[in-house]
Amino acid sequence: MNWIKQLFSRQRLYSDLSQEIQEHLAEKIDELTASGMSREEATHAARREFGNATLIEERGREAWQWPSIENVLMDARYGLRQFRRNRATATVAVVSLALAMGACVSAFRLIDALLLRPLPISTHGRLFVLSRSNADPTQSARQIDGWAYPDFALMRDAVKQDADLIALSYTQRTDLTYASEDAMEEAYVQYVSGSMFEDFGLQPALGRLLMPADDRTPGAHPVAVVSYDYWTRRLGRDPRVIGRTFRLGDQAFEIVGVAPRPFTGTEPGIPTDVFLPTMMHRWVTRADATWHRTLAIVHPGVPLGALGAKLQSISNQFERQRLKGNAEVSKQLLDNSVNRKLFIEPAASGVSVMQQDYRTALVWLTILVGLVLLIACVNVANLMTALGRARAREMALRVAIGAGRGRLVQLVLVESAMLAFAAGLLGAGFAQWSAPWVARSISTPDYPARFSMPADWRVLGFGAALCVVVVLLFGLAPALGASGVRPASVLKGGDDPSARHRFTHILIAAQVAFCFLVVFAGGLFVATFQRLEHRPLGFDPSHLILLETVAPQGRTPVAWAQMADSLRATPGVAEVAESGWPLVRSGAWGGAISVAGGPPSEDLGYFLTISPGWLATMKMRLLAGRDFSPQDSFPGAAIVNQTFVKEFLKTSDPVGMVFEQVYGGQRQRCQVIGVVPDAPYRLVHEAMLPVAFVPFRQVDDKAMVLPQYGGTFAVRTKEDNPSALETDLRRKVSQADAGFRVSSVETQQELLDVQTVRERLLANLGVFFAAAALLLAAIGLYGVISYTVAQRTNEIGIRMALGARRFGIVRLILREVAVLIGIGVAIGAGLALGGGRAANSLLYGLKANDPFTLALAAILLTAIGLAATFAPARRATKVDPMVALRYE
């Protein structure tokens, strides 16, 4: 405990030590004086014999203190005085760093919430997801994670000694009701294996969770578990919720429990509201429907390679048996289906479509914020270097009186750490706002995204590490430069001016290069979004509202047409027509195509059922032929797009040609009666697919009309805001026929906007970070050139005294800066061209070496750089030459 006493009594100890040294010297002086020396001689002799009293006192003090801490505190106090003396420079440095550091923390919070944060389960370290190579080479996805449940059941039973397999459907927004059909609401529903909660080591917050017994017989156990968030948000944390029922489609489910609070499902960004047993899914017995993911909790010690090989063999054997004897499947598709490669990948943080959609975008967001951080650090390093040159005499004097190089490095690094700490505090506030803002940008009203982004130890640890990195990035080089000062040269004023500015010029070029990369990347993302926004659609999405409707008991096409007539009578409605589902809904109905009785095509054709008048409602013009009539049916008639004609029919006059859809071992014959322009079918990003529109009226092989259980009414309104009619249209459907139920309402424009959320986000972030980078570069150039010009006052005064004109001085400074900007732009362009190929997957309609964007970034950066330089250059010419010649 002695050190604690020393901590609080140091000043008394220091005073006692000083007094003891003085008393010892006084006694020695008195002794020497008594021996016959004069007082002055005795004093000198006593001090020579005793030694340096100040040094002895300092060494004595060191025994009662921590020298390093004392020095750091002393450096911090000195740094505060320096910042007060240079308030403008310190403010610019802190704000620049705060913006960059806040952006970095925001990016980390998003990446952590979506990609890194482990699920709140006990087995996340052993959790993996199964996927396999895509059997359809025409699709862009090389791997798919969808599985048929019979295939899953075979794999689960075969490897139960090595791993626990769990089936989880894709979380989907679904209509359910607790009262009447008029009280329809939406919730995110997921079908899961009954063993999931047990395998995850989870305990209920209320009631019980799903059990393996709930998941053994199809349709036998209509029970549900709700998430804690849904229980709180929708059900008011009512403990009497256990036993309450709701209807989903034509089934009633009983709530049996509430999941634990931290667990919101296995799909980051898409929290699940309701968990249902997989055996309640309508496709649970179908071998040709892939509707769920498969997760594996691998037992300790089981090698992944052997497990994957076993699962791959079982799955490929299942596909072989499923397709056995199907002569309508092409040889290539058959080979691809029975020889798929199976992948086992870590899934500690869960698996979601949002992860797949935004993984690359978040990587580029990280690159952008990293570049902005580098720009800010280079900016501050330049300012610190300029300030260091202004403090060269101070550093030389410190060295001259005995300060070591390490001591000077510590002094500058402490000042840098203080800047970084202040910037970190300010940046934390920026990150607290900006991360939720980016999350809201990803979210849409119909597809909300919710992330868990607590300011916990992970975020605090990242922020602390970021502060250390920032200090090293912008503080180390100026610290080493300041510590390498040569006292004799500096005190004589003889350091080399060219060497003095060389490091500054390197930093300016680096800053411009980093800024060019940010501006160029931002330009590419903005151009991509603009191209997607103005892509020819082949139809008019304005004034269109879509009513996705179900008929649980089935309704004839005539009944669907009558419902369309009822909707058409609603005030404000111009046209109404039906289709199987909306365009750009991301669903697909495909099949091989056989022309003139030939073999099935390797590539798939895609189909969509539509009613007569649907083309007119969508404002999709006919290029040839006619529209459907009420008597047309499928199979029988088809209207094809231009890509379908080009890929399969290969003729300039396709009307009247016959083709067959080959699907599931059946051939459906169709005759082309019309041709329409290309339009996006499922995704606005992908190339135009070959599409055949077929009649909404479908018949079986005995020409009997088939009932339709679902479809979408496309309603073109007279109003500019079609959503204003949503309530009236819902009411009209429920009143006209109780057998119909509206499951979802959205506009066609909203569907298009949902598919461009990623590009819109990147465009907005690109503009923001490009503006931030340009602002930081302009501020940095302005500050550094101002310091540089001030140090060149003598040179400028001599030039003006010898007859140099003011315009010539300005041109000289601008030319020097323009050269540095040109070097930085060249380096940035080289880096952009070399590494930009990785961004091609996020671009639409252009490549990463787009010359227009390159030129625009170069011009913009050069203009802003020269504009920032002009003011200090012009100010330098206003100095009186006679005063400048005497300036020090």
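On average, how much accessible surface per residue is there in the range 699-741, in Å², for a 1.4 Å probe, leaving out ligands, DNA and RNA?
Solvent-accessible surface per residue comes out at 58 Å².
Need one number: nm distance between label points at ALA588 and GLU795, each 7 Å from Cα along Cα→Cβ, rounded to one decimal.
Going from the ALA588 label point to the GLU795 one covers 6.4 nm.
Of GLU49, GLU726, GLU415, which has the most accessible area with a 1.4 Å probe, and how do the rest follow in descending order?
Largest accessible area first, the list is GLU49, GLU726, GLU415.
Please list the three semi-axes, largest first and in whole Å, of the ellipsoid equivalent to the range 502-608, using sqrt of 5 times the eigenvalues of its alpha carbon gyration tensor.
Taking √(5λ) for each Cα gyration eigenvalue gives 50, 25, 12 Å.
Could you calculate the FRET efficiency of LEU460 with ARG874 from 1/(1 + (r/R0)^6), where r is the beta carbon distance between them and R0 is 45 Å, rounded to 0.05? Could the numbers behind the result be given before it?
Numbers: r = 47 Å, r/R0 = 1.03.
The formula returns an efficiency of 0.45 here.
Relative to the present Cα-Cα distance, how much length would full extension add between LEU80 and ARG669 at 0.36 nm per residue of separation?
203.6 nm
Quick one: what Rg and Dmax do you get for the range 152-245 from the alpha carbons, in Å?
15.2, 49
Could you tell me the calculated FRET efficiency between GLN143 and LEU866, based on Cβ-Cβ distance and R0 = 51 angstrom, to the nearest 0.05?
0.55
Under 5 Å between amide hydrogens, which residues at least 5 positions from HIS292 or on another chain qualify, with H placed 1.01 Å from N in the peptide plane?
The list, which skips near neighbours in sequence, is TRP147.
Taking a 32 Å limit on the Cα-Cα distance, which of the listed pairs LYS324/LYS702; LYS650/LYS718; LYS619/LYS646; LYS619/LYS702; LYS619/LYS732; LYS646/LYS718 fall beyond it? Write down the numbers at each step before the final one.
Working: LYS324/LYS702 27 Å; LYS650/LYS718 40 Å; LYS619/LYS646 23 Å; LYS619/LYS702 34 Å; LYS619/LYS732 24 Å; LYS646/LYS718 36 Å.
Over 32 Å Cα-Cα: LYS650/LYS718; LYS619/LYS702; LYS646/LYS718.
Along each principal axis of its Cα atoms, how long is the range 175-318 end to end? Whole angstroms, biggest number first, please.
51, 32, 29
Pull out the extension gain between SER122 and ARG39, defined as 0.36 nm times the separation in residues minus the alpha carbon to alpha carbon distance; nm, one decimal.
Working: separation 83, 0.36 × 83 = 29.88 nm, distance 8.37 nm.
The SER122-ARG39 span can extend by a further 21.5 nm.
Quote the charge dipole size of the range 601-752 about the Cα centre in Debye, to the nearest 20; the model charges only the Cβ of Lys and Arg (+1) and of Asp and Glu (-1). Kindly include the intermediate steps, with their values, before the conclusion.
On the way: 16 positive and 18 negative charges, 74 e Å.
The dipole of the range 601-752 has a size of about 360 debye.
Tell me, what HN-Hα J-couplings in whole Hz come from the Karplus equation 6.51 cos²θ - 1.76 cosθ + 1.60 at θ = phi - 60° for each residue of the range 770-783, using x for Gly and Pro?
5, 5, 5, 5, 5, 5, 4, 5, 5, 4, x, 4, 4, x
Roll a 1.4 angstrom probe over the protein heavy atoms and tell me the percent of accessible area of the range 140-254 that is carbon or sulfur.
With neighbouring chains kept in place, the figure for the range 140-254 is 47 percent.
Just to confirm, what accessible area per residue do you get for the range 84-123 at 1.4 Å probe, in whole Å²?
37
On the protein heavy atoms, probe 1.4 angstrom, tell me the percent of accessible surface of the range 762-823 carried by carbon and sulfur.
Ligands and nucleic acids excluded, carbon and sulfur give 68 percent.
Tell me, what is the 1.4 Å probe accessible area of GLU746, in Å² to the nearest 10?
10
Report, to the nearest whole %, how much of the accessible area of the range 558-672 belongs to carbon and sulfur atoms, 1.4 Å probe, protein only.
Its accessible area is 51 percent carbon and sulfur atoms.
I'd like the FRET efficiency for ASP357 and SER723, computed as 1/(1 + (r/R0)^6) with the beta carbon distance as r and R0 of 25 Å, rounded to 0.05.
Computed FRET efficiency for ASP357 and SER723: 0.50.
Show me 304-313, 820-829 ranked by packing, highest mean number of other Cβ atoms within 10 Å first. Could the numbers behind the result be given before it?
On the way: 304-313: 15.7, 820-829: 20.6.
So the order, starting with the most tightly packed, is 820-829, 304-313.
Would you mind checking the range 509-527 for residues with the amide N under 17 Å from a putative spin-label position 7 Å along Cα→C-beta of PHE852?
Within reach of a label on PHE852, which here means backbone N under 17 Å from a point 7 Å along Cα→Cβ, the range 509-527 contributes 520-527.
Take every Cα-Cα distance within the range 641-724, group them into 10 Å bins from 0 onward, and report for each bin the whole-number percent of pairs it holds.
13, 34, 36, 15, 3
The values are calculated or read from the model by the stated rules, or taken from the named source; none is laboratory data. All of these numbers come straight from a predicted model, not from anything done at the bench. Quick reminder, even Gly has a Cβ in these numbers, built from the backbone with ideal geometry, and neighbours come from all protein chains shown. Surface areas here come from the heavy atoms of the whole protein model, side chains and all, with no ligands, DNA or RNA. Shrake-Rupley method; radii C 1.70, N 1.55, O 1.52, S 1.80 Å.
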